[in-house]
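The values are calculated or read from the model by the stated rules, or taken from the named source; none is laboratory data. Note that the coordinates shown come from a computational prediction; the quantities given were computed from them, not determined experimentally. Cβ coordinates were reconstructed from backbone atoms using ideal geometry, including for glycine residues, and neighbour counts include every protein chain displayed. The accessibility values were calculated without ligands, DNA or RNA, using every heavy atom of the protein model including side chains. Shrake-Rupley method; radii C 1.70, N 1.55, O 1.52, S 1.80 Å.
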Amino acid sequence: MKAEGIDVISFAAGEPDFNTPEPIIHAAIEALEAGFTKYTPSAGIKDLKDVIVAKLHRENGVDVKPEQVIVSCGAKHSVYNSCQVLVNPGDEVILIAPYWMTYAEQIKLAGGVPKVIHTTADSGFVPTYEQLREAVSERTKAIIVNSPSNPTGAVLPRQTIKEIAQLALRHNFWIISDEIYERLIYGETHQSLAALSAEVAERTITIGGCSKSYSMTGWRIGFAAAPPAVAKAMSNFQDQVTSNPTSFAQKGAVAAYKLPTETVEAMRVEFEARRDLILEGLRGIPGITVPTPKGAFYAFPDVSAFLHGEFKDDAALGEYLLTEAKVATIPGNVFEGPGHLRLSYAASREAIVEGVARLKEALARIGPA
Ligand SMILES: Cc1ncc(COP(=O)(O)O)c(C=O)c1O
């Protein structure tokens, strides 16, 4: 619709709207001009692995050697590599719903079976110990943890992180910890799974990347840090499938990880202000309830009060909001979170104010049941 010149406000995008910071762009241009345009080692260049190792030590309390780091074409690629090397046909992988839909597809692409734990806003989208324990079976190969979460913005409490780790150790399964939103967190502290203990680190693949923290979604640079044997398998696998991530994008990523913390902090602070703005607006719409997201850049309001008459599900409601209000959202069903919409607040403050006003007006026409 946007391409047709229609004035759509998009709360659909899963990417920051800021420009990539200048020093990163310069580093990539310099690399290009210096002829750094050839193959690199498949698992990434040494200077990038070194800054990732330093970052994991400094910010995450995770200690790994450079050979345990596999630089990839994005966190998505690292999740895929993890599933491919760990999951055999028929293996179960635990997911905590609502979850990023790619996980389920990548588990299935490896022949695995997603074992889904359902959580709701009442528990802050945090699974109980009983739910976690009941999801484990003799076929459990791994759990995928995503804190802060896309789509709910939930940040798992340290206690839940510890419970997941305990179960993984007791029942001998892997933890794939997608920490891509770790820097975008509001009033909470990020806890890396692999930082809990050396024993837990031996069972954990930590996944991160530049996309969300440094507004580098198009650069396609992510990483996995894994126990040595898994890292070797992932590196061999990547070697046969993609070879190295783009050479000069890796140089840009080196510059990203060397940026002063204030650069990311400025973006985080702006996201927090936008979060507060969208929450205030959404809470002013009769019939909507929305928990406070603690991280990432998504609000996940409950819109089930509007699902009546011709609006059978959130997809139908989303379609109505797009055509009638010209506001794009993502239906919760996509994330196994029916009755919700996902709104990305990686949009300007003006767009947030205008978009929420349009939603209010369009939803008032339906009215809560
Ligand atoms: C939870 C989660 N993990 C990974 C990714 C993808 O990250 P990347 O751009 O590094 O592949 C996304 C992007 O939306 C995401 O939401």
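Out of curiosity, is A13 within 15 Å of the chain's Cα centre (by Cα), assigned by TED's automatic domain parsing to the domain that holds F271 and either open to solvent by 70 Å² or more (accessible area, probe 1.4 Å) or within 16 Å of the ligand (Cβ to nearest atom) (or both)?
On the way: within 15 Å of the chain's Cα centre (by Cα): yes; assigned by TED's automatic domain parsing to the domain that holds F271: yes; either open to solvent by 70 Å² or more (accessible area, probe 1.4 Å) or within 16 Å of the ligand (Cβ to nearest atom) (or both): yes.
Criteria met by A13.
Being of a type in the set (A, V, I, L, M, F, W, C), in contact with a strand residue (DSSP E or B) (Cβ under 7 Å, 6 or more places away or on another chain), open to solvent by less than 10 Å² (accessible area, probe 1.4 Å) and within 16 Å of the ligand (Cβ to nearest atom) narrows it down to one residue among I180, I164, I207, I185; which is it?
Details: I180 fails: open to solvent by less than 10 Å² (accessible area, probe 1.4 Å); I164 fails: within 16 Å of the ligand (Cβ to nearest atom); I185 fails: open to solvent by less than 10 Å² (accessible area, probe 1.4 Å).
Going through I180, I164, I207, I185 in turn, just one is of a type in the set (A, V, I, L, M, F, W, C), in contact with a strand residue (DSSP E or B) (Cβ under 7 Å, 6 or more places away or on another chain), open to solvent by less than 10 Å² (accessible area, probe 1.4 Å) and within 16 Å of the ligand (Cβ to nearest atom): I207.
Out of everything in region 231-260 that is farther than 16 Å from K49 by Cβ and in a helix (DSSP H, G or I), what residue ends up being most open to solvent (accessible area, probe 1.4 Å)?
Q240
Take the conditions assigned by TED's automatic domain parsing to the domain that holds S235, open to solvent by 20 Å² or more (accessible area, probe 1.4 Å) and not hydrophobic (A, V, I, L, M, F, W, C) and apply them to H57. Does it pass?
Working: assigned by TED's automatic domain parsing to the domain that holds S235: yes; open to solvent by 20 Å² or more (accessible area, probe 1.4 Å): yes; not hydrophobic (A, V, I, L, M, F, W, C): yes.
Yes.
Suppose we filter V116, V155 for residues that are in a strand (DSSP E or B), away from the ligand (no atom under 12 Å from the Cβ) and out of contact with any Cys (no Cβ under 7 Å at 6 or more places or on another chain); which single one remains?
Numbers: V155 fails: in a strand (DSSP E or B).
Only one candidate qualifies: V116.
How many residues does region 16-37 hold that are surrounded by 17 or more Cβ atoms within 10 Å (Cβ to Cβ) and modelled with pLDDT of 95 or more?
6
I need every pair where a residue in region 192-209 that is over 14 Å from I144 (Cα atoms) has its Cβ under 6 Å from the Cβ of a residue that is outside any helix (DSSP H, G or I) and open to solvent by 40 Å² or more (accessible area, probe 1.4 Å), sequence separation at least 6 or different chains.
Cβ pairs passing all conditions: A195/G61.
If V303 satisfies all but one of (1) β-branched (V, I, T); (2) under 20 Å from the mean Cα position of the chain (by Cα); (3) within 30 Å of V356 (Cα to Cα); (4) open to solvent by less than 10 Å² (accessible area, probe 1.4 Å), what's the number of the condition it fails?
For V303, the exception is condition (2).
Among the residues of region 62-70, are any closer than 19 Å to S192 by Cα and assigned to a helix (DSSP H, G or I)? Spell out the reasoning first.
Pass one, region 62-70, residues closer than 19 Å to S192 by Cα: 62-66, 68-70.
Now restrict to residues that are assigned to a helix (DSSP H, G or I): 66, 68.
Yes, because at least one residue in region 62-70 is closer than 19 Å to S192 by Cα and assigned to a helix (DSSP H, G or I).
Among the residues of region 82-109, write down those that are surrounded by fewer than 19 Cβ atoms within 10 Å (Cβ to Cβ) and in a loop (DSSP other than H, G, I, E, B).
N88, P89, G90
Looking at the structure I just gave you, is V79 open to solvent by less than 20 Å² (accessible area, probe 1.4 Å) and not in a helix (DSSP H, G or I)? If you could, list the steps in order and put the result at the bottom.
On the way: open to solvent by less than 20 Å² (accessible area, probe 1.4 Å): yes; not in a helix (DSSP H, G or I): no.
Spelling it out, it is not the case that V79 is open to solvent by less than 20 Å² (accessible area, probe 1.4 Å) and not in a helix (DSSP H, G or I).
Suppose we filter A357, A362, A325, A315 for residues that are in contact with a helix residue (DSSP H, G or I) (Cβ under 9 Å, 6 or more places away or on another chain) and without any contact (Cβ under 8 Å) to a residue 24 or more places away in the chain; which single one remains? Steps first, answer last, please.
Numbers: A357 fails: without any contact (Cβ under 8 Å) to a residue 24 or more places away in the chain; A362 fails: without any contact (Cβ under 8 Å) to a residue 24 or more places away in the chain; A325 fails: without any contact (Cβ under 8 Å) to a residue 24 or more places away in the chain.
Within the list A357, A362, A325, A315, the selection yields A315.
Given the conditions (1) within 16 Å of the ligand (Cβ to nearest atom); (2) crowded, with 24+ Cβ neighbours inside 10 Å, which single one is not true for A194?
Result: A194 passes all but (1).
Across region 312-335, what is the number of residues that are under 17 Å from D302 (Cα atoms) and buried (at least 19 other Cβ atoms within 10 Å of the Cβ)? Don't jump to the end; show me each part of the working.
Quick first cut of region 312-335, residues under 17 Å from D302 (Cα atoms) only: 312-321, 327-335.
Now drop any that are not buried (at least 19 other Cβ atoms within 10 Å of the Cβ), which leaves 314, 317-318, 321, 327-332, 335.
Matching residues across region 312-335 total 11.
Given the structure, is G44 among the small types (G, A, S) and in contact (Cβ under 8 Å) with a residue 60 or more places away in the chain?
Working: among the small types (G, A, S): yes; in contact (Cβ under 8 Å) with a residue 60 or more places away in the chain: yes.
Criteria met by G44.
Among what's in region 56-93 and is within 15 Å of the ligand (Cβ to nearest atom) and among the small types (G, A, S), pick the residue that is farthest from P245 (Cα to Cα).
S82
Hey, could you check region 16-55 for residues that are more than 24 Å from the chain's Cα centre (by Cα) and of a type in the set (K, R) and say which is farthest from the ligand (Cβ to nearest atom)?
Only one residue fits best here, namely K38.
So which residues in region 119-140 are open to solvent by 20 Å² or more (accessible area, probe 1.4 Å) and either in contact with a helix residue (DSSP H, G or I) (Cβ under 6 Å, 6 or more places away or on another chain) or within 16 Å of the ligand (Cβ to nearest atom) (or both)? Lay out the reasoning, then the answer.
Within region 119-140, the first condition is being open to solvent by 20 Å² or more (accessible area, probe 1.4 Å), and the residues that meet it are 120-124, 126, 128-131, 133-134, 136-139.
Hits for region 119-140 are V126, Y129, V136.
Are there any pairs with C-beta distances below 8 angstrom linking a residue in region 14-26 that is under 11 Å from S215 (Cβ atoms) to a residue that is among the basic types (K, R), with the two at least 6 apart or on different chains, and if so which?
E15/K212; P16/K212
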